[in-house]
Amino acid sequence: MMKDSNGIMTKTSEHTMQINVGPQHPSTHGVLRMLVTLSGEQIIQIEPIIGYLHRGMEKMAETRTYLQYLPIVDRVDYLSGFFCSYAYISAIENLINTDIPIKAKYIRTLTMEMNRISSHLLWLGCYLLDLGATSPLFYTFIEREKILNIFEDLTGSRMMYNYYTFGGVKRDIEKELLIRIKKFSNEFLKAVQEYEDLITNNPIFITRTKNIGILSKEDATEYSITGANLRACGIQKDLRKDSPYLIYNNLEFSVPIGTISDSHSRYIMRIKEMKESNKIINQCTDWLLSNIEDNEINTKINPLTIKPNGTSLGEVESTRGLLQCYIEANGTEFPNRIKWRTPSFYATQAINTIAKGFMLPDLMAIFGSLDIIMPEVDR
Amino acid sequence: MIKSFIYPIKELIKGLLTVLKNGFKEKVTLEYPEKKKILNNNFRGKIKYDKTKCIKCKICQRVCPAKGTIEINETFKINYSQCIFCANCVEFCPKGALKITKEYELATNNKNELIFNEGIN
Ligand code: SF4
Ligand code: SF4
């Protein structure tokens, strides 16, 4: 007999066994419980059970003003806080019809792309750690540390930035910091090359990831998977290209796509994405360095007085895919309802389809490659 | 046949060389309690309160996302164990009575040490 999370018993053969992976598992990057049914070592079924990291982000919004909710938004996905901030703020900027100054647009793009790299670097290190390699974690953290130090000097905090404000950004970016970013981006490609030397063609890595955890195009679209996981299947879908926000129109970059979405190609996608982000960073710093005298970084809206009305959707192509924030405002300083659409949530649901039929030791190689982060799933 | 043996070995050696190369790079870590990081002026640490400037307008209380962190009655009370160091209060204080400091080592055995309570002029 087999029991699922709702306590419903189903009859199975004598040779199956049910085990719990998580919630306290080092490789689940947060707290996810997976109820895995095994036959020998083969996975027959996985049932992801979420909710262990639920903090009530959506309910919290209803009792807080728009300004009070702003610092909390960074915590929806604490590895890429800028994206969450942007989704929330752009939804409100739509409601109050503000257009932000061009310099603020460049600063926002720059910070978001750096955030994308820092998040991917953490993913890369941890993924390799899940597979049993320890050194890559230290190497990726060297570069990540440089980005976080830049963020700390710019925003005042390493991960909880609270840097964007309604109508722009809070602080101007100094020349000295831009030079540091420029230096970082020049050296970054060398670092990526190093990771690739170490990982991409490593025979152990290839045996553990190639043709493991294949996600078909149909399943990906059915489960509404977005981001690098979807692009690895060969579907070109990126909000930065499809409906460019901020200044993505003026930038030169490409969106990498793959052919078969297995764990290895998802890894390749993220490595390529980091390189593309680096190109964007380079272009943004060049623009900012040549427009250093421009002082207009926000539209000076008083956040204490905003009382929007209507509904609005803010969306952004975040590190893990399409991130949306839906706001229903009612003309007071408190929102009626805020709803987050987070990409990891959808990827978690697909884990059964992807990992079924593979071995139990492959489970973490598959789960890790999807780049799921739990605060975003539960929010 | 031979190729399928040589290729993995070549790649493994390439990986090992990368690891070796990293051994000669400059040090990136800091021996923390002895040496401390130099922080920028923007760094958001503990909030400092100046009672001579405060006019008891309660705006700081209104903008604080962690409800109940700041309480203003006869006294100004701020609970650092609840504060999330977002510096909203500092930004919106009309008189500049609140300042951010670079102090971040706030761990203590006694919870009451984290509550700051001072009378207002
Ligand atoms: S600290 Fe500043 S915001 Fe708070 S009550 Fe005093 S003057 Fe007003
Ligand atoms: S820093 Fe933020 S959380 Fe702390 S007291 Fe000020 S407004 Fe509240």
Query - In Hz, Karplus ³J(HN,Hα) per residue of segment B:101-116 (6.51, -1.76, 1.60; θ = phi - 60°; x = Gly, Pro) - result: 10, 9, 7, 10, 8, 9, 5, 8, 7, 10, 4, 5, 5, 8, 9, 9
**Report entry** Cys residues of chain B counted as unpaired, since no other Cys beta-carbon is under 4.7 Å
**Finding:** B:C54, B:C57, B:C64, B:C83, B:C86, B:C93
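Which order do A:F253, A:F358, B:F5 take when ranked by solvent-accessible area (1.4 Å probe, heavy atoms of all protein chains), largest first? Numbers along the way, then the final one.
Working: A:F253 20, A:F358 45, B:F5 125 Å².
Highest to lowest solvent-accessible surface, that is B:F5, A:F358, A:F253.
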Query raised in the report: Is it possible to state the helix-based mean residue ellipticity at 222 nm for chain A, with each DSSP H run of 4+ residues giving -39500 (n - 2.57), the sum divided by total residues, to the nearest 500 deg cm²/dmol? What is it?
Result: -14500 deg cm²/dmol
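Roughly how crowded by other chains is peptide A:61-74, in terms of the mean Cβ count from those chains within 10 Å of each of its Cβ atoms? Before the final figure, lay out the partial values.
Details: counts 0, 0, 1, 4, 3, 0, 7, 8, 1, 4, 9, 4, 1, 2.
Partner-chain Cβ atoms within 10 Å, mean over residues of A:61-74: 3.
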Requested in this report: Summarise the partner chain shielding of B:34-44 as one whole number: the mean count of Cβ atoms from other chains within 10 Å of each residue's Cβ.
Outcome: 3
**Report entry** Separation in nanometres of the label points that stand 7 Å from Cα toward Cβ, at A:K210 and A:E196
**Finding:** 1.7
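Stretch B:K10-B:T75 to full length: gain in nm at 0.36 nm per residue minus the Cα-Cα span? Working shown, then result.
Values: separation 65, 0.36 × 65 = 23.40 nm, distance 7.09 nm.
Residue separation times 0.36 nm, minus the Cα-Cα distance, leaves 16.3 nm.
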Requested in this report: Output ³J(HN,Hα) for segment B:41-47: one whole-Hz value per residue in order, computed from phi by the Karplus curve 6.51 cos²θ - 1.76 cosθ + 1.60 with θ = phi - 60°, and x for Gly and Pro.
Outcome: 5, 6, 3, 9, x, 4, 8
**Report entry** Average silhouette area of the protein assembly as shown, convex hull of alpha-carbon atoms, in square nanometres
**Finding:** 27.8
Query raised in the report: Considering amide H positions built from the backbone, and no H for Pro or chain starts, which residues 5 or more places from A:I212, or on another chain, come under 5 Å of its amide H?
Result: A:S263, A:H264
Report task. Please report the relative contact order for chain B, taking Cα pairs under 8 Å with a sequence separation of at least 6, and give it as a percent rounded to a whole number. Result -> 30
Report summary line: Within the set A:S135, A:S312, A:S369, GNM on chain A using Cα springs under 10 Å gives the largest fluctuation to A:S135
Report summary line: Projecting the Cα atoms of B:N117, B:C86, B:L30 onto the charge dipole of segment B:30-119, where Lys and Arg contribute +1 and Asp and Glu -1 at Cβ, the residue farthest towards the positive end is B:C86
Report task. As a check on your grasp of the helix formula, calculate [θ] at 222 nm for chain B: sum -39500 (n - 2.57) over DSSP H runs of n ≥ 4, divide by the residue count, round to the nearest 500. Result -> -8000 deg cm²/dmol
Report summary line: Relative to chain B, whose Cα atoms define the longest principal axis, helix B:2-23 and its Cα axis are tilted in degrees, nearest 10, by 40
Query raised in the report: Are there any helices in chain A, counted as whole DSSP H runs, that stretch 24 Å or more along their axis by Cα and score at least -0.5 on average by Kyte-Doolittle, and if so which?
Result: A:102-131, A:135-155, A:175-198
Query raised in the report: Got a sec? Charge dipole of chain A, +1 on Cβ for Lys and Arg, -1 for Asp and Glu; which of A:Y267, A:Q18, A:I247 is way out at the positive end?
Result: A:Q18
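Magnitude of the Cβ-charge dipole of chain A, K/R +1 and D/E -1, about the Cα centre, nearest 20 debye?
Values: 41 positive and 44 negative charges, 56 e Å.
Using Cβ point charges on Lys, Arg, Asp and Glu, chain A gives about 260 debye.
So what is the orientation-averaged projected area of segment A:104-261, using the convex hull of its C-alpha atoms, in nm²? It would help to have the intermediate numbers written out before the result.
On the way: hull surface 43.4 nm².
Result: a mean projected hull area of 10.9 nm².
Take B:K51, A:K183 and sort them by solvent-accessible surface of the protein heavy atoms, 1.4 Å probe, largest at the top. Could the numbers behind the result be given before it?
Details: B:K51 75, A:K183 125 Å².
Largest to smallest exposure gives the sequence A:K183, B:K51.
For segment B:30-119, what is the Kirkwood hydrodynamic radius in Å, using each pair of distinct C-alpha atoms?
Values: mean 1/r = 0.0713 Å⁻¹.
Hydrodynamic radius (Kirkwood, Cα only) of segment B:30-119 equals 14.0 Å.
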Report summary line: Amide H contacts under 5 Å for A:R64, restricted to residues at least 5 apart in sequence or on another chain and with H modeled in the peptide plane, are none
Query - Calculated FRET efficiency for the pair B:T52/A:I235, C-beta based, R₀ 56 Å, to 0.05 - result: 0.35
Query raised in the report: What lysines sit close enough to A:K190 to cross-link, taking a C-alpha to C-alpha distance under 23 Å and skipping anything fewer than 8 places away on the same chain?
Result: A:K146, A:K182, A:K272, A:K275, A:K279, B:K10, B:K14, B:K21, B:K25, B:K27
**Report entry** Local net charge near A:M60, Cβ-Cβ under 14 Å (Lys/Arg +1, Asp/Glu -1)
**Finding:** +4
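What number, in percent, do you get for the relative contact order of chain A if the mean sequence gap of Cα pairs under 8 Å and at least 6 apart is divided by its residue count? Write out the running numbers ahead of the final one.
Values: 696 pairs, mean separation 99.2, N = 379.
The value is 26 percent.
Let me check I've understood the local charge: for B:I38, count other residues with C-beta under 13 angstrom from its C-beta, Lys and Arg +1, Asp and Glu -1. What total comes out?
Values: positive: B:K35, B:K36, B:K37, B:K102; negative: A:E152, A:D153.
Within the 13 Å Cβ shell, the charges total +2.
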Report summary line: A 1.4 Å probe over the protein heavy atoms gives segment A:57-378 a carbon and sulfur accessible-area percentage of 52
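At 1.4 Å probe radius, can you tell me the per residue accessible area of the protein assembly as shown in Å²?
Values: 22750 Å² over 500 residues.
I get 46 Å² per residue for the protein assembly as shown.
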Query raised in the report: Give me the Kirkwood hydrodynamic radius of segment A:230-375 in Å, from all C-alpha pairs, to one decimal place?
Result: 18.5
**Report entry** For segment A:204-210, 3J(HN,Hα) per residue [Karplus equation, 6.51 cos²θ - 1.76 cosθ + 1.60, θ = phi - 60°, Hz, x = Gly/Pro]
**Finding:** 5, 4, 5, 5, 7, 10, 5
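Report relative contact order for segment A:14-147 in percent, whole number only (criteria: Cα-Cα under 8 Å, sequence separation at least 6). Show your work: numbers first, answer last.
Working: 132 pairs, mean separation 16.9, N = 134.
That works out to 13 percent.
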Query raised in the report: Buried accessible area for the A:B pair, summed, 1.4 Å probe, in Å² rounded to 100?
Result: 2700
Query raised in the report: In nm, to one decimal, how far is the A:L137 label point from the A:N250 one, both placed 7 Å along Cα→Cβ?
Result: 4.2
Requested in this report: Could you work out, residue by residue across A:162-175, how many beta carbons of other chains sit within 10 Å of that residue's beta carbon, and then give the average as an integer?
Outcome: 1
Requested in this report: Could you pull out every one of the aspartates and glutamates with an alpha carbon less than 19 Å from that of B:K95, ignoring same-chain neighbours closer than 8 positions?
Outcome: B:D50, B:E71, B:E74, B:E118
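The values are calculated or read from the model by the stated rules, or taken from the named source; none is laboratory data. These numbers were taken from a predicted model, which means no experiment stands behind them. FYI the Cβ positions are ideal-geometry reconstructions off the backbone, even for glycines, and counts take in every protein chain you see. What goes into the accessible areas is simple: the full protein's heavy atoms, side chains included, and nothing from ligands, DNA or RNA. Shrake-Rupley method; radii C 1.70, N 1.55, O 1.52, S 1.80 Å.
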